[in-house]
Amino acid sequence: MIIYNVTINIDESIHEKWLLWMQQKHINDVLKTGLFTKAKLVKVLVEEEMGGTTYAVQYFTDSKENLENYYKNHAPRLREEGLSLFGDKMLAFRTELEVFSEHFHSDN
């Protein structure tokens, strides 16, 4: 399992508009590519010195090949939409993670 993690700091002036766009449009557009099985949107609870609110979106996929396909065929278009709507009011960085193992409490 591969997790494509996008961490984004959002300026307060666009926070509500960006959050609606993410939840109602962008995440769904990424999932519609058929390359990811699910996504999670989480809020980072550490206050940033630069201000704003920070979120991470985690997209789960079964293979590195699916992620490469996304980068090549879909990412430029989907990233451009966010940039055209929000410009420099959002700062994003991306991380690729590989799940080695999962562990659960024994009572679950």
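Computed from the coordinates by the stated procedures, all read-outs in this text should not be read as laboratory data. Everything quoted here is computed from the prediction, not taken from an experiment. Here Cβ is always computed from backbone atoms with ideal geometry, including for glycine, and neighbour counts include all displayed protein chains.
Quick check, is I10 under 15 Å from M90 (Cα atoms) and among the hydrophobic types (A, V, I, L, M, F, W, C)? Break it down into steps so the answer makes sense when it comes.
Values: under 15 Å from M90 (Cα atoms): yes; among the hydrophobic types (A, V, I, L, M, F, W, C): yes.
The answer is yes for I10.
Matching residues to (1) in a loop (DSSP other than H, G, I, E, B); (2) free of Cβ contacts under 8 Å to residues at least 12 places away in the same chain:
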| residue | (1), (2) |
| --- | --- |
| I14 | no, no |
| D29 | no, no |
| G87 | no, yes |
| H103 | yes, yes |
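Here the condition is being free of Cβ contacts under 8 Å to residues at least 24 places away in the same chain and either closer than 15 Å to I27 by Cβ or assigned to a strand (DSSP E or B) (or both); of K40, K72, it holds for K40 alone. Residue check: N66 meets all listed conditions (1) closer than 12 Å to Y4 by Cβ; (2) in contact (Cβ under 8 Å) with a residue 40 or more places away in the chain; (3) in contact with a strand residue (DSSP E or B) (Cβ under 7 Å, 6 or more places away or on another chain) but one, namely (3).
Look through the range 47-70, keep the residues that are of a type in the set (G, A, S) and under 24 Å from S84 (Cβ atoms), and return whichever of them is nearest to the chain's Cα centre (by Cα). Break it down stepwise before answering.
Let us first name the residues in the range 47-70 that are of a type in the set (G, A, S), namely 51-52, 56, 63.
Subsequent filtering for residues that are under 24 Å from S84 (Cβ atoms) retains 51-52, 56.
On the way: G51: 20, G52: 17, A56: 6 Å.
So the residue we want is A56.
Using the structure shown, decide if F60 is surrounded by 11 or more Cβ atoms within 10 Å (Cβ to Cβ), among the aromatic types (F, W, Y), in a helix (DSSP H, G or I) and out of contact with any Cys (no Cβ under 8 Å at 6 or more places or on another chain). So F60 does not fit the description; no.
Residue-wise test of (1) surrounded by 12 or more Cβ atoms within 10 Å (Cβ to Cβ); (2) within 13 Å of G82 (Cβ to Cβ).
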| site | (1), (2) |
| --- | --- |
| L19 | yes, yes |
| D29 | yes, yes |
| K32 | no, no |
| T37 | yes, no |
| L45 | no, no |
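Taking K25, is it touching a Phe, Trp or Tyr at 6+ places or on another chain (Cβ under 9 Å), surrounded by fewer than 16 Cβ atoms within 10 Å (Cβ to Cβ) and free of Cβ contacts under 8 Å to residues at least 40 places away in the same chain? When the stated conditions are applied, K25 does not pass them.
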